[in-house]
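The values are calculated or read from the model by the stated rules, or taken from the named source; none is laboratory data. No experiment lies behind these values; they were computed from the predicted model shown. What goes into the accessible areas is simple: the full protein's heavy atoms, side chains included, and nothing from ligands, DNA or RNA. Shrake-Rupley method; radii C 1.70, N 1.55, O 1.52, S 1.80 Å.
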Amino acid sequence: GHQGGEAYLPGELVQKGWVGDTRPGLAQEDSRDGNAATGGNSSASRGCRAAAALLLGCSSARLVRRVPHFEPFSTPLNYLIGGSPLALGTLFDVTDVDLDRFTTRLLQEANDEGLVEAVALARRACRFRYLVGSAPVCFGVPL
């Protein structure tokens with residue numbers, strides 16, 4: 001966001017990502033399984049799978065009620081509707097240095113733990129653990 005993250009998170013770590021992750025429960029769908037409802041054109045029938053969305057910016061998961069009497073909406077819900085199994089975002093504005101600490105620890109812990117467990121562990125890295133650490137939340141299926 002504010003270019004201060006390079007002190008905590010080298011660009012190589014971000015570029016590496018989790019491509020080719022083979023942890024249990026994250027197996028790709030079999031490309032031979034057609035999807036009759038979509039005529040076989042779904043991403044699942046092509047052997048693709050959507051990735052978890054990490055929306056690590058201020059208020060990236062804030063729920064907004066645009067029309068009275070309707071349910072609030074947010075960017076993470078758009079990702080879930082689009083097929084992402086999980087979306088991680090922050091509910092309110094947070095300090096960028098603490099969010100960088102959170103993100104660094106999240107990526108380190110996610111190599112050994114599931115993503116939801118890594119979020120819980122990464123909250124401890126924040127200086128304002130109960131303020132900034134409580135901002136990141138997960139929507140969707142626990143990975």
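Taking a 1.4 Å probe, which of E109, E117, E71 shows the most accessible area, and what order do the others take after it? Write down the numbers at each step before the final one.
Working: E109 45, E117 95, E71 160 Å².
My answer, sorted largest first, is E71, E117, E109.
In order along the range 58-71, the phi-based Karplus estimate (6.51 cos²θ - 1.76 cosθ + 1.60, θ = phi - 60°) of 3J(HN,Hα) comes to 4, 6, 6, 10, 5, 7, 10, 9, 7, 10, x, 6, 10, 5 Hz; Gly and Pro are listed as x. Taking 0.36 nm per residue of separation and subtracting the Cα-Cα distance, full extension of the segment from L63 to A50 would add 2.4 nm.
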